[in-house]
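Trainee: Please find one structure pasted underneath; my questions will follow.
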Amino acid sequence: MPNFFSPSEIVQMGVEIEKNGRDFYNAVAGLSKSAGAKKIFEFLAGEEDKHIKVFEDILSTVEKYEPPEAYTEEYFSYLRALSESHVFTKKNQGTEIGSKVKTDKEAINLAIGFEKDSILFYYEMKKLVLADSHKAIDRLVAQEQEHLKKLTELSQNIR
């Protein structure tokens, strides 16, 4: 019997991703050798805090919402695979991963991957929440895209 996610579970995963992102950025900021990288990591940690608040607001609107029956078992299997492949859906992973980073370049490359994974996850999440939440998720995606851009620019300047 399939174990489908509820919209509130999907949004809660978003909260966990943002918490882990914040913790990761705080950890690598503390280890950073570059003042520029440290400043960007600290900025990104603050952005993740803002995203947590947005997701918590969305969560309050989807608590009792059930998605249309049109979503198939295959779609939910895909979503489960997507969430399981995003390491930040697991509790306390941000600090754990961030504390093991050896260089700013490694931190930036990991962060780029996490931001890309988050964008994909949020696009899929949008299909399972009320239309009222779509604009908030679109804003989050746009911010994650900006983070990706900042990190890509930073990666070109850090050896």
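The values are calculated or read from the model by the stated rules, or taken from the named source; none is laboratory data. None of the values given here were measured: they were computed from a predicted structure. Methodologically, a virtual Cβ is constructed for each residue, glycine included, from the backbone with ideal geometry; neighbour enumeration extends over all protein chains shown.
Trainee: Here is a list: GLU47, GLU66, GLU74, GLU56. Which entry is modelled with pLDDT of 90 or more and of a type outside the set (Phe, Trp, Tyr)?
Mentor: Among GLU47, GLU66, GLU74, GLU56, only GLU47 is modelled with pLDDT of 90 or more and of a type outside the set (Phe, Trp, Tyr).
Trainee: When the residues of region 22-39 are filtered to those that are crowded, with 21+ Cβ neighbours inside 10 Å and either among the hydrophobic types (A, V, I, L, M, F, W, C) or closer than 17 Å to GLU84 by Cβ (or both), which remaining residue is modelled with the lowest pLDDT?
Mentor: Among those residues, the one meeting the criterion is ALA37.
Trainee: Surrounded by 14 or more Cβ atoms within 10 Å (Cβ to Cβ), closer than 13 Å to ILE17 by Cβ and modelled with pLDDT of 85 or more: which single residue out of GLU42, GLU124, GLU144 fits that description?
Mentor: GLU144
Trainee: Is it fair to say GLU115 is of a type in the set (D, E, K, R), at negative phi and at pLDDT 90 or above?
Mentor: Values: of a type in the set (D, E, K, R): yes; at negative phi: yes; at pLDDT 90 or above: yes.
Taking the combined requirement at face value, the residue satisfies it.
Trainee: If you scan region 118-139, which residues turn out to be in a helix (DSSP H, G or I) and touching a residue at least 40 places away in the same chain (Cβ under 8 Å)?
Mentor: Here is the first cut: in region 118-139, the ones in a helix (DSSP H, G or I) are 118-126, 131-139.
Matches in region 118-139: SER118, PHE121, TYR122, GLU124, MET125, ASP132, SER133, ALA136, ILE137, ARG139.
Trainee: Kindly establish whether PHE88 is closer than 25 Å to LYS33 by Cα, touching a helix residue (DSSP H, G or I) at 6+ places or on another chain (Cβ under 9 Å) and aromatic (Phe, Trp, Tyr).
Mentor: Spelling it out, PHE88 is indeed closer than 25 Å to LYS33 by Cα, touching a helix residue (DSSP H, G or I) at 6+ places or on another chain (Cβ under 9 Å) and aromatic (Phe, Trp, Tyr).
Trainee: Evaluate region 81-89: report whether one residue or more is modelled with pLDDT of 90 or more, closer than 30 Å to ARG159 by Cβ and out of contact with any strand residue (DSSP E or B) (no Cβ under 9 Å at 6 or more places or on another chain).
Mentor: No; the residues of region 81-89 include none that is modelled with pLDDT of 90 or more, closer than 30 Å to ARG159 by Cβ and out of contact with any strand residue (DSSP E or B) (no Cβ under 9 Å at 6 or more places or on another chain).
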